[in-house]
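A quick write-up on the structure given underneath.
The values are calculated or read from the model by the stated rules, or taken from the named source; none is laboratory data. All figures in this text were calculated on a predicted structure; none of them were measured in a lab. Don't worry about glycine lacking a Cβ; one is built from the backbone with ideal geometry, like all the others, and counts go over all protein chains shown. Side chains are part of the model used for accessible areas, which takes the heavy atoms of the whole protein and leaves out ligands, DNA and RNA. Shrake-Rupley method; radii C 1.70, N 1.55, O 1.52, S 1.80 Å.
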Amino acid sequence: MTHSTAEETVFNQPPLFVDINLVAADTPLREAARLAAAELLPFGAEWGSKERLDLGRHANETPPRLRTHDPQGRRLDLVEFHPAYHALMAHSHAAGLASSTWAGGSHVARAARLFVISQVEAGHVCPLTMTHAAPAALAAAPALLAEWLPRITSGPYDSRFIPFWEKSSVTLGMGMTEKQGGTDVRANITRAEPIGGDAYEITGHKWFFSAPMSDAFLVLAQAPCGLTCFLVPRFRPDGTVNGLHLQRLKDKLGNRSNASSEVEFARAFAWRVGAEGRGVPTIIEMVQLTRLDCAVSSAGLMRMALALAVHHARHRTVFQKRLIDQPAMTAVLADLALESEAATALAFRLAQSFDRAKNDPLEAARARLLTPAVKFTVCKAAPGFIYEAMEALGGNAYVEESPLPRLYREAPVNAIWEGSGNVMALDLLRAAARDPAATRAVISALAQEAGAVPGAAETAREIADGLAAQELESRARHITERLAALAAAAALAASAPGSVAHAFGTSRLLRPRAMFGANSIAEPARLLDRALAEA
């Protein structure tokens with residue numbers, strides 16, 4: 001007979017946050033997505049299961065490994081992943097992350113799944129995001145689109161390293177930046193030499209080459225008439241391995257389940273996508289979609305951090321009170337809940353604009369103008385937000401057994417990838433300058449939708465005045481942040497109770513937000529009930 005010792009008895013610790021329906025517990029998600037519960041609830045239970053959460057942990061604890069050569073010295077250029085990574089890819093591929101909007105699905109429905117999946121493991125989302133966005137660029141080459149789109153929308157997920165035409169489905173990656181240029185892709189020196197028709201051979205390098213085990217890559221290179229977009233397959237049309245020599249995998253801060261590499265092109269075969277010299281306008285069609293995913297994924301990371309903090313506070317007693325009932329902690333968690341709810345509403349309202357853009361010019365203008373603003377604001381908010389959630393748990397959040405260190409390391413990548421903060425702010429200024437009338441219409445619509453939210457009218461005037469001012473670039477971040485705040489107020493006014501939108505206005509529009517817990521938030525208990533609905 002065994003006896004428990006005092007040291008073995010664990011009390012005043014929360015139960016594991018597993019086997020949670022990530023949709024049923026999230027009132028703001030259900031309201032912002034506006035999808036029937038029947039569509040999402042089974043998905044939330046599936047991805048909140050202990051088994052699925054463990055896959056996310058395993059995929060990060062054993063990161064990918066590059067094998068450049070076989071034992072006899074022949075080039076391999078293979079990246080090997082833990083089986084958990086492939087399992088996550090298969091589940092997410094089946095959920096439509098790679099292709100659903102190209103097969104008749106809505107951006108909002110896909111965003112809801114992305115939002116949930118990112119809470120469990122965000123690294124594997126990278127190749128699925130790029131695959132989903134790639135057809136927007138391939139549209140500049142109708143023959144390539146006709147060849148590749150059916151392979152993107154088919155299934156199931158196929159991880160084999162074989163020619164794309166032998167696979168059940170494909171994934172696509174991208175490579176734009178080089179050592180000497182970074183964001184300034186027009187400084188690229190990688191060369192593309194025509195070899196007949198739309199076929200070229202590419203020689204040069206990419207400093208960041210995302211998801212190197214993809215079946216093809218959208219790449220920028222200098223053709224005879226200037227910077228051009230190309231599709232570079234892993235296998236040449238004759239079935240031999242193409243000249244993509246992987247140099248090393250990046251040893252990244254986070255995003256560790258996903259491989260990012262450096263590559264040398266050794267006369268790599270490629271097809272031209274669009275006209276020579278039109279590389280940036282061609283690939284930017286893809287980038288709008290990847291930026292939407294960055295915002296949705298970051299909102300998902302924030303959501304999981306909030307859920308872990310609220311869960312802990314509900315099950316932890318300090319000084320004879322539940323932690324969540326301690327006024328100082330209540331203030332912090334309610335402030336975090338408001339920030340998360342605003343990020344969720346903002347990201348999903350942007351996804352709605354993508355759905356409506358084809359038939360509504362104002363929604364198309366809204367998507368153009370707000371995509372950089374939403375990515376800027378939500379993605380930049382995530383690291384600080386997740387840190388504050390970690391602090392609510394104390395030391396337990398600072399050890400690797402907790403999911404929070406992984407969320408914290410993951411958070412910066414979306415703010416850096418697909419355009420860092422200054423790039424986003426300057427993109428917004430360019431979009432506003434290209435169509436001032438549409439910009440004014442969008443700002444007016446946001447103010448009207450926000451209605452009586454405190455500070456909305458004043459913020460709209462501040463943005464309009466800022467866009468009309470001199471030396472715009474030095475104020476780019478301020479204008480971008482204020483535009484996103486106005487858009488969040490409008491989104492909350494449409495999807496959340498009036499008290500939530502009012503709290504956002506008083507603490508984010510009428511005055512700059514103070515640190516979490518230092519803002520006066522009305523009805524904190526209601527916000528916390530919405531943040532993590534108890535079964």
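At-a-glance table
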quantity: Three principal axis lengths of the stretch 147-245 [C-alpha, angstrom, descending]; calculated: 39, 29, 23
quantity: The stretch 70-197: C-alpha gyration tensor shape, a/c 1.5 cut-off, then a/b vs b/c; calculated: rounded
quantity: Pairs of Cα atoms farther than 22 Å apart, the stretch 286-387, %; calculated: 40 percent
quantity: Cβ-based charge dipole, the stretch 411-535, positive-most Cα from ALA441, ALA468, LEU528; calculated: ALA468
quantity: Nearest-20 debye value, the chain charge dipole, Cβ charges on Lys, Arg, Asp, Glu; calculated: 600 debye
quantity: Sites ASP184 and VAL318 - FRET efficiency at Förster radius 45 Å, r taken between beta-carbons, to 0.05; calculated: 0.30
quantity: For the chain, convex hull volume per residue from C-alpha positions, Å³; calculated: 166 Å³
quantity: Percent carbon-and-sulfur accessible area, the chain, ignoring ligands, DNA and RNA, probe 1.4 Å; calculated: 55 percent
quantity: Histogram of C-alpha separations across the stretch 425-467, 10 Å bin width, %; calculated: 29, 53, 18, 0
quantity: Stretch gain in nm, segment ILE284-ASN422, where the contour uses 0.36 nm per residue and the Cα spacing is subtracted; calculated: 48.0 nm
quantity: Solvent-accessible area per residue, Å², over the stretch 54-206 with all protein chains present [probe radius 1.4 Å]; calculated: 39 Å²
quantity: FRET efficiency, 1/(1 + (r/R0)^6) with R0 56 Å, evaluated for GLU264 and ALA452 via beta carbons; calculated: 0.40
quantity: Value in Å of the Kirkwood radius, where the stretch 367-468 supplies the Cα pairs that are averaged; calculated: 15.8 Å
quantity: Sites ARG34 and GLN247, calculated FRET efficiency, Cβ-Cβ separation with R0 56 Å, nearest 0.05; calculated: 0.75
quantity: At most 10 other Cβ within 10 Å, DSSP loop - trypsin sites (Lys or Arg not before Pro), the stretch 280-364; calculated: LYS358
quantity: Paramagnetic label zone (point 7 Å from Cα along Cα-to-C-beta, SER168; backbone N under 18 Å) in the stretch 83-110; calculated: 83-100
quantity: Lysines whose Cα lies under 17 Å from that of LYS206, excluding same-chain neighbours fewer than 8 positions away; calculated: LYS179, LYS250, LYS252
quantity: Three-way shape label, the stretch 4-131, alpha-carbon gyration tensor, a/c 1.5; calculated: oblate
quantity: Extension reserve of the ALA199-TYR398 stretch, reckoned as 0.36 nm per residue once the Cα distance is removed; calculated: 66.5 nm
quantity: Radius of gyration and Dmax over the Cα atoms of the stretch 166-223, both given in Å; calculated: 12.7, 38
quantity: Kirkwood hydrodynamic radius (C-alpha pairs) into Stokes-Einstein, the stretch 423-535, 4 °C and 1.567 mPa s, D in µm²/s; calculated: 86 µm²/s
quantity: Ranked packing of 508-516, 418-426, most packed first, by mean Cβ within 10 Å; calculated: 418-426, 508-516
quantity: Spatially proximal aspartates and glutamates relative to LYS380 (Cα-Cα < 20 Å; intrachain offsets below 8 disregarded); calculated: GLU121, ASP293, ASP335, GLU339, GLU341, GLU388, GLU391, GLU410, GLU418, ASP427, GLU473, GLU481
